[in-house]
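A short reminder: the numbers here are calculations on the coordinates, not readings from a lab. Note that the coordinates shown come from a computational prediction; the quantities given were computed from them, not determined experimentally. A quick note on method: Cβ atoms are made from the backbone with ideal geometry, for glycine too, and the neighbour counts reach across all protein chains shown.
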Amino acid sequence: MSATAIACAGLGVVALVISACLLPDTVGVKNENESNRHAIKIVEPTAISLDADDACIETCAECDDCPQPPIPANLPHFLDPAKTEFNFCSCPQGQIDTNAQPSWELYVEDRDGDGQEIYDDVYAALQLDYTRDSSEPQIFIAYKDFVDPGARLPPPVLQAPGDQPIGRPDPFLRKLQIGDGTRRIDLCNKSGQGAGSLMPGYHTLRVVVTDRPWFRRPGGADGGDGVEQEGVPDFAGGASYDARTYVFHCADSGDEASGCVCQDEGSI
């Protein structure tokens, strides 16, 4: 996600008339003294062809290959259960999956601040089996033990000269650590939603990031309840957002063919 573009189409009786309505790369905010000039986006490594590498080397004599930020390899968006590392299991109450997902990192770009250390506050949340048709979207928030939606991400990690992208400013990347690096993320048994494990079958994990605090419904004199809807960007407050969705599968540990190994919580 980068510059915001909106296409406006009008349909006439005889002919179709299309006019493009381009908006500047700025998100409006309630306070006219503030601005949100750069949209937030999740950054992932890009596969570079040999031709692209050669072109980078011609442009940058000091480069051995096309420079990219020091971002770890992608976690695939489809965690194929046919692969051993993604064969996750729904375990009996009180047990956990010994093959749970290791922690991983995402990087988030938000160039607001321009190196003056006046950076946007960036927030992240994990949503389980998210659907758009709910009036209470905060109910989808899950895995708070691994990502706290109320915590601000650390300040940007400035890129070393050799890692700077060619032809553009420093992207001011923030690291989003999913998990604490010491515990595996038991997607099927430790969602934090209720006491039980997830039902066997496919599920979705949605990572959403935003550059403003989450939307809060009006309260007090406005007659509302003032509930903060974690995971919902505050568009009226000038927020931009980005998201990634991962699909994973929970096997039934009661199926002997599943290959599941469950152990009592705390034993591993």
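Scoring 99-105, 255-261, 184-190 by mean Cβ neighbours within 10 Å over their residues and listing the highest first yields 184-190, 99-105, 255-261. Spin-label pair Lys83-Asp252: with each label point 7 Å from Cα along the Cα-Cβ axis, the two points sit 2.6 nm from one another.
Residues with beta-carbon under 14 Å from that of Tyr130, excluding Tyr130: net charge, scoring Lys, Arg +1 and Asp, Glu -1?
Neighbour charge sum, excluding Tyr130 itself: -1.
The residues packed around Leu198, meaning those with a beta-carbon under 14 Å from its beta-carbon, carry a net charge of -3 if Lys and Arg are +1 and Asp and Glu are -1.
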